[in-house]
Every structure is written in C-alpha cells, then in structure tokens.
Amino acid sequence: MSDPLLVEADPYPFAFDPDHTALLLIDMQRDFVEPGGFGETLGNDVSLLRQVIPPLRDVLDATRRAGLTVIHTREGHLPDLSDCPPAKLNRGAPSLRIGDPGPKGRILVRGEYGHDIIDELAPAEGELVIDKPGKGAFYATGLDQALRDGDVRSLVVTGVTTEVCVHTTVREANDRGYECLVLSDCVGSYFAGFQRYGLEMIAAQGGIFGWVAPSGGYLKALE
Ligand code: C5J
C-alpha cells in the first residue's frame with residue numbers, strides 16, 4: 001500500500017491511495033456537450049458544459065501519467081430500446097425522444113455518433129467504457145464488479161451533468177462504500193444554480209455523499 005495522498009477539499013482533506021483509486025469521467029458525450037447536439041436542441045447552453053473540457057483534459061493526462069485507473073461512462077440504450085423503460089422514454093413528452101433521429105444520429109442510442117465520447121477526452125486503449133441505461137453508473141452495469149475486481153476504493157468523479165448523472169453516480173457509489181472526490185471545475189451543468197447547489201449538497205453535513213475540490217489540488221497531489 002502506498003502512502004495516501006491528500007487533497008484540500010470540502011468539508012475536509014480527501015485522502016486517497018493512488019493504487020486503489022479510479023478517475024471516473026461521466027457521460028462526456030457529443031450529444032450532451034457539443035454544439036448542434038441533442039442537449040443544445042433542447043435549448044440548453046452547451047458552453048456551460050464545455051468549460052469542463054480543458055481542466056478535465058489536464059486531469060485525464062495527469063491521471064494517465066500517474067498510472068491510476070481511468071473509467072469512462074456513456075448514457076444510452078440498445079438500438080431496439082429494450083433497456084429503456086417507458087417511463088424514461090415518455091418523460092416530459094419531449095419534441096425529440098430517445099431513439100428518434102437527432103442532429104448527430106439516433107438520440108442516446110449506442111453506436112450512434114452523438115452517443116460517443118468527445119474526441120478531446122476519447123478513451124485510450126485499455127480504459128474501461130461503461131455503457132449505462134440509467135443516470136447512475138452503477139445501475140444495470142458491471143461497474144461495481146469491475147471496481148471490486150480492481151480493488152478500487154476511491155473515485156475521483158468528473159463529467160456531466162452535475163445534478164443528474166454525476167449526483168446519481170456519487171450517491172450510488174457512496175452507498176456501496178466508495179469514497180468520492182468530485183472535482184468542481186470538471187463537472188458541469190446547464191444550470192448555474194444546480195451546479196452550485198449540486199456541489200454544496202455533496203459536501204454538506206460533514207461530507208454526506210463525498211468531498212468537493214477544484215482540480216488543482218488533485219493535480220498537485222499527483223505530482
Ligand atoms: C446526464 C442527463 N449525463 N442529464 N444525463 O446527466 O440526462
């Protein structure tokens with residue numbers, strides 16, 4: 001076991017052992033993040049999400065250099081939508097539904113161009129990519145088993161969106177016994193208020209779901 005590394009964080013320093021820690025990049029998919037994608041079609045300002053790309057790129061590079069495990073997730077469904085519950089498909093009576101043809105291929109369908117991860121953060125060979133039908137990365141996926149197989153106990157969490165897939169995943173991870181550090185400048189929301197309160201909720205009450213810190217402290221710890 002290596003000496004634990006420390007990151008200044010809310011509500012108190014986050015200690016992690018790099019040999020038992022994974023970087024998780026949640027849903028950095030073209031349809032959420034790119035201009036002309038599904039997210040923008042719904043009226044969202046994707047520039048708020050794109051702000052996370054440069055710091056997350058630095059975090060990804062440093063994490064790879066340090067030899068920690070890197071895991072990517074993608075939200076999406078099988079082409080026949082058999083893994084998409086009607087409640088999700090019909091929610092909100094959207095003008096574009098999951099599976100409909102969208103600007104970058106069928107919306108949230110595996111194998112489509114818009115479903116894939118943006119080029120800037122493309123998975124490297126050997127990095128695990130978890131395809132998830134839900135908002136949380138643990139629901140109906142092999143993530144928990146993969147983490148246990150790799151003896152991973154701590155997660156450094158990044159990606160989009162803060163209040164939806166990041167939050168759901170952090171809560172799921174916390175209930176399963178993983179310690180989560182959320183990097184505040186590497187998670188993004190289409191809504192400034194949700195970003196702020198989403199992060200506050202994680203670290204509130206002595207770190208009820210985990211820790212929150214800007215990426216600088218994590219990068220420093222890896223040096
Ligand atoms: C994610 C969503 N990734 N907002 N999905 O947060 O529907």
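The values are calculated or read from the model by the stated rules, or taken from the named source; none is laboratory data. These figures come from a predicted structure and were not determined experimentally. Quick reminder, even Gly has a Cβ in these numbers, built from the backbone with ideal geometry, and neighbours come from all protein chains shown. The area values use the complete protein model at the heavy-atom level, side chains included, leaving out ligands, DNA and RNA. Shrake-Rupley method; radii C 1.70, N 1.55, O 1.52, S 1.80 Å.
Brief remarks follow.
- Filter result (open to solvent by 70 Å² or more (accessible area, probe 1.4 Å), away from the ligand (no atom under 12 Å from the Cβ) and without any contact (Cβ under 8 Å) to a residue 12 or more places away in the chain) within region 76-93: 80, 82, 86, 90, 93
- Residue in region 17-32 that is at pLDDT 95 or above, under 22 Å from residue 137 (Cα atoms), in contact with a Leu (Cβ under 7 Å, 6 or more places away or on another chain) and surrounded by fewer than 16 Cβ atoms within 10 Å (Cβ to Cβ) present: no
- Wholly within region 1-75, strands (runs of 3 or more DSSP E) carrying at least 3 residues that are away from the ligand (no atom under 16 Å from the Cβ): 5-7, 14-16, 21-26
- One residue from 198, 159, 114 being assigned to a helix (DSSP H, G or I) and within 16 Å of the chain's Cα centre (by Cα): 198
- When residues of region 132-189 are limited to those that are open to solvent by less than 40 Å² (accessible area, probe 1.4 Å) and aromatic (Phe, Trp, Tyr), the one nearest to the ligand (Cβ to nearest atom): 138
- Qualifying residue in region 200-214 (condition: within 16 Å of the ligand (Cβ to nearest atom), closer than 16 Å to residue 11 by Cβ and open to solvent by less than 40 Å² (accessible area, probe 1.4 Å)): yes
- When residue 223 is tested against (1) farther than 26 Å from residue 30 by Cβ; (2) touching a Pro at 6+ places or on another chain (Cβ under 7 Å); (3) open to solvent by 50 Å² or more (accessible area, probe 1.4 Å), just one condition goes unmet, and that condition is (2).
- Pairs, first on the phi > 0 side of the Ramachandran plot in region 32-53, second not in a loop (DSSP other than H, G, I, E, B), C-beta under 7 Å, six or more apart: 36/103
- Tally of residues being of a type outside the set (Lys, Arg), outside any loop (DSSP other than H, G, I, E, B) and over 23 Å from residue 54 (Cα atoms) across region 119-153: 7
- Against the test of being without any contact (Cβ under 8 Å) to a residue 12 or more places away in the chain and within 19 Å of the chain's Cα centre (by Cα), the options 119, 100 yield a single qualifying residue, 119.
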